[in-house]
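The values are calculated or read from the model by the stated rules, or taken from the named source; none is laboratory data. From a predicted model like this one, the values you see are computed outputs, not experimental measurements. All Cβ positions, glycine included, derive from the backbone under ideal geometry; neighbour counts span all protein chains shown.
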Amino acid sequence: MSDSPAAGARFRLVSWNIENLAPWLAGAEAAPLAALVDGLSRPDVLCLQEIRIRPSDTALIERMVGAAPGYRCVYSLASDPRNASYRGGRAYGVATYLSEELGPIASASPAWDREGRVVVARLPGLSLSIVNLYAVNGTSKPYHDHDLGHEAGDRHDFKRRVQDRLFDLARALGADDRVILAGDWNVSRSAIDVHPRLRTAAPHARARAELNRHLADSGMVDVYRQLHPDERGYTWYDRVRPHVLDAARVDYVVVSADLAGRVDEASIVEPPVDRGRSDHRAVVVSMRL
């Protein structure tokens, strides 16, 4: 880190859907995740999604927590046997690495998150809350609602409920803190965010419209689009047909209005130590706190 994250210093956050953290916790390299952090110029915060680690993977969890010296790790893992059984329960999970220089950290996951999709890191010294999220990829598969005790719609419906809850969470955090929502949203906001074309089927169009309404109503800002209003930048690429461009911007960082004017960089980059296991690119945001 070039600056201390004191008031007025540059604060850098990187968000990446790593699509399986386990290979970065073991292998030929002595410390591959530490190498990734170094290659990203040691950001203040690194938010990783789709880490594919289960609560029962105790050895992996231990390695994950200690994999980046100089950082603290907070995480949320899937614990829902009814809805998160894909890949043996390893489908989801998020982990946030925060520089120890940031000072005290408090972390929590909302009670409604049984799929390991959300972890909140609060930095009291900076009056800042960072929400690392892996939003739902809506499908027609039925969703079992544990509170009701039966199926309640499909995962398209669940996707929209999670979007609602994320902005409710941001509103609650915003009573005391400035707020950052960073991660894989699994929604492209407009035609400029997709190639070759935007999905217009009703479930996708409805989720997109509701997300854009939440942003407008909350005053929160998609900082990449704020700084690059006309740029076609994509964070997800289809690897099945590598010679045909099929891509979308689904990973982005959203900040509360009191942070929007402080952002001076929002870019999409290839991870510098990419092992070729993810079909997502990383998002980098920097600001003056």
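Figures for the structure shown
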read-out	value
The listed residue being more than 18 Å from the chain's Cα centre (by Cα), of a type in the set (A, V, I, L, M, F, W, C) and surrounded by fewer than 18 Cβ atoms within 10 Å (Cβ to Cβ), out of Ala67, Ala35	Ala35
The one condition in (1) among the β-branched types (Val, Ile, Thr); (2) in a loop (DSSP other than H, G, I, E, B); (3) within 29 Å of Leu259 (Cα to Cα) that Val14 fails to fulfil	(2)
Subset of segment 32-75 [of a type outside the set (D, E, K, R), over 28 Å from Arg10 (Cβ atoms) and in a loop (DSSP other than H, G, I, E, B)]	Ile53, Pro55, Ser56
Lone qualifier among Ser76, Ser99, Ser41 - being surrounded by fewer than 22 Cβ atoms within 10 Å (Cβ to Cβ) and out of contact with any Cys (no Cβ under 7 Å at 6 or more places or on another chain)	Ser41
Output for segment 1-15, where each listed residue is out of contact with any Ser or Thr (no Cβ under 7 Å at 6 or more places or on another chain), of a type in the set (A, V, I, L, M, F, W, C) and either modelled with pLDDT of 95 or more or crowded, with 23+ Cβ neighbours inside 10 Å (or both)	Leu13, Val14
The lone exception for Val118 - which of (1) more than 20 Å from Arg155 (Cα to Cα); (2) surrounded by 17 or more Cβ atoms within 10 Å (Cβ to Cβ); (3) in contact with a Pro (Cβ under 8 Å, 6 or more places away or on another chain) it fails	(1)
Odd one out for Arg82 among (1) surrounded by 14 or more Cβ atoms within 10 Å (Cβ to Cβ); (2) touching a residue at least 40 places away in the same chain (Cβ under 8 Å)	(1)
